[in-house]
Amino acid sequence: MRAEPPGTGSRRGSVLAFDFGTRRIGVAMGEWETGTAHALETIAAEANDARFGRIAELIAEWRPAELVVGLPLTLEGEEHELTRRCRRFANQLHGRYGLPVRLVDERLTSVEAERRLAEAGVRGERRRALTDRLAAQEILQDYFEHHATTRSH
């Protein structure tokens, strides 16, 4: 898979975004027309068959024009083990579904999601269940905002 550079391809339709993790994958969706991202769900499965089965259902339901995957980097912008696994996940998405996949810097999105949940008073298991999908929402919202100049109206 070749991740397409931002600013290329279609800027219409829906977009699914993923906050990849080894235990959970947060999912968000948004529309280019509105430039707004919404948290959808957390896929809490470690087995690839279960993960990709649910992703296939989401793709069939939302019919996205493109996919966005948050790329985990260190605060200094360096890659690490999870970065490699995330790139592999993005390659698999592209290979399985044939959609353009954008890799975007996800630094601090989980921190922001945790902050929002703490401010809302969400604690414990409920907080863990929501963090990944809110991080995916942050990833997608950042993607829309950084590429707004190419968005169709």
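So Thr34 clears everything in (1) in a helix (DSSP H, G or I); (2) over 12 Å from the mean Cα position of the chain (by Cα) except one condition, right? Which one?
(1)
Inside the range 59-83, can you point out the residues that are out of contact with any helix residue (DSSP H, G or I) (no Cβ under 7 Å at 6 or more places or on another chain) and at pLDDT 95 or above?
Going residue by residue through the range 59-83, those that are out of contact with any helix residue (DSSP H, G or I) (no Cβ under 7 Å at 6 or more places or on another chain) are 60-66, 74-83.
Ala60, Glu61, Trp62, Arg63, Pro64, Ala65, Glu66 - these are the residues of the range 59-83 that are out of contact with any helix residue (DSSP H, G or I) (no Cβ under 7 Å at 6 or more places or on another chain) and at pLDDT 95 or above.
Quick check: anything in the range 25-37 touching an Asp or Glu at 6+ places or on another chain (Cβ under 8 Å), on the phi > 0 side of the Ramachandran plot and surrounded by 15 or more Cβ atoms within 10 Å (Cβ to Cβ)?
Yes, that holds for at least one residue.
Just name the residue that is surrounded by the fewest Cβ atoms within 10 Å (Cβ to Cβ) out of those in the range 39-54 that are touching a strand residue (DSSP E or B) at 6+ places or on another chain (Cβ under 6 Å) and not acidic (Asp, Glu).
The initial filter retains those residues of the range 39-54 that are touching a strand residue (DSSP E or B) at 6+ places or on another chain (Cβ under 6 Å), namely 39-43, 51, 54.
If we keep only those that are not acidic (Asp, Glu) too, we end up with 39-40, 42-43, 51, 54.
Values: Ala39: 22, Leu40: 19, Thr42: 22, Ile43: 23, Arg51: 19, Arg54: 16.
Among residues in the range 39-54 that are touching a strand residue (DSSP E or B) at 6+ places or on another chain (Cβ under 6 Å) and not acidic (Asp, Glu), the one surrounded by the fewest Cβ atoms within 10 Å (Cβ to Cβ) is Arg54.
Looking only at the range 74-81, decide whether some residue is more than 14 Å from the chain's Cα centre (by Cα) and assigned to a helix (DSSP H, G or I). Break it down into steps so the answer makes sense when it comes.
Residues of the range 74-81 more than 14 Å from the chain's Cα centre (by Cα): 74-81.
Checking which are assigned to a helix (DSSP H, G or I) leaves us with 81.
Yes - at least one qualifying residue is present in the range 74-81.
Of the conditions (1) more than 11 Å from the chain's Cα centre (by Cα); (2) modelled with pLDDT under 90, Ala56 satisfies every one except a single condition; which number is it?
If we test Ala56 against (1) more than 11 Å from the chain's Cα centre (by Cα); (2) modelled with pLDDT under 90, just (2) comes out false.
Could you please give the count of residues in the range 13-31 that are among the β-branched types (Val, Ile, Thr) and either in a loop (DSSP other than H, G, I, E, B) or free of Cβ contacts under 8 Å to residues at least 60 places away in the same chain (or both)?
Filtering the range 13-31 down to residues among the β-branched types (Val, Ile, Thr) leaves 15, 22, 25, 27.
Of the ones still in play, those that are also either in a loop (DSSP other than H, G, I, E, B) or free of Cβ contacts under 8 Å to residues at least 60 places away in the same chain (or both) are 22.
The qualifying residues number 1.
Consider Glu41 against the criteria (1) among the charged types (D, E, K, R); (2) touching a residue at least 60 places away in the same chain (Cβ under 8 Å); (3) in a helix (DSSP H, G or I): it satisfies all of them except one. Which criterion is unmet?
Here Glu41 clears every test but (3).
Can you tell me which residues in the range 4-25 are in contact with a Lys or Arg (Cβ under 8 Å, 6 or more places away or on another chain) and modelled with pLDDT under 75? Please lay out each step first, then the result.
Taking the range 4-25 as the starting set, the residues that turn out to be in contact with a Lys or Arg (Cβ under 8 Å, 6 or more places away or on another chain) are 4, 6, 11, 13-14, 19-20, 22, 25.
If the condition is that a residue be in contact with a Lys or Arg (Cβ under 8 Å, 6 or more places away or on another chain) and modelled with pLDDT under 75, then Glu4, Pro6 are the ones that fit.
For the range 88-102, what are the residues that are closer than 17 Å to Thr22 by Cα, of a type outside the set (Phe, Trp, Tyr) and touching a residue at least 12 places away in the same chain (Cβ under 8 Å)?
Taking the range 88-102 as the starting set, the residues that turn out to be closer than 17 Å to Thr22 by Cα are 88-93.
When the remaining residues are screened for being of a type outside the set (Phe, Trp, Tyr), the result is 88, 90-93.
Across the range 88-102, the qualifying residues are Ala90, Asn91, Gln92, Leu93.
Exactly one condition in (1) of a type outside the set (A, V, I, L, M); (2) under 24 Å from Trp32 (Cα atoms); (3) in contact (Cβ under 8 Å) with a residue 40 or more places away in the chain is not met by Arg85; state its number.
(2)
Cβ contacts < 6 Å: first residue more than 18 Å from Gly30 (Cβ to Cβ), restricted to the range 47-73; second residue among the small types (Gly, Ala, Ser), any location; separation 6+ or different chain. Result?
Hits for this filter: Arg51/Ala45.
Please pick out the residue among Ala28, Ala50 that is more than 20 Å from Leu103 (Cβ to Cβ), at pLDDT 90 or above and out of contact with any Gly (no Cβ under 7 Å at 6 or more places or on another chain).
Ala50
The values are calculated or read from the model by the stated rules, or taken from the named source; none is laboratory data. Predicted model only: the values in this text are computed from it and were never measured. Positions of Cβ are backbone-derived with ideal geometry, glycine not excepted, and every protein chain shown enters the neighbour counts.
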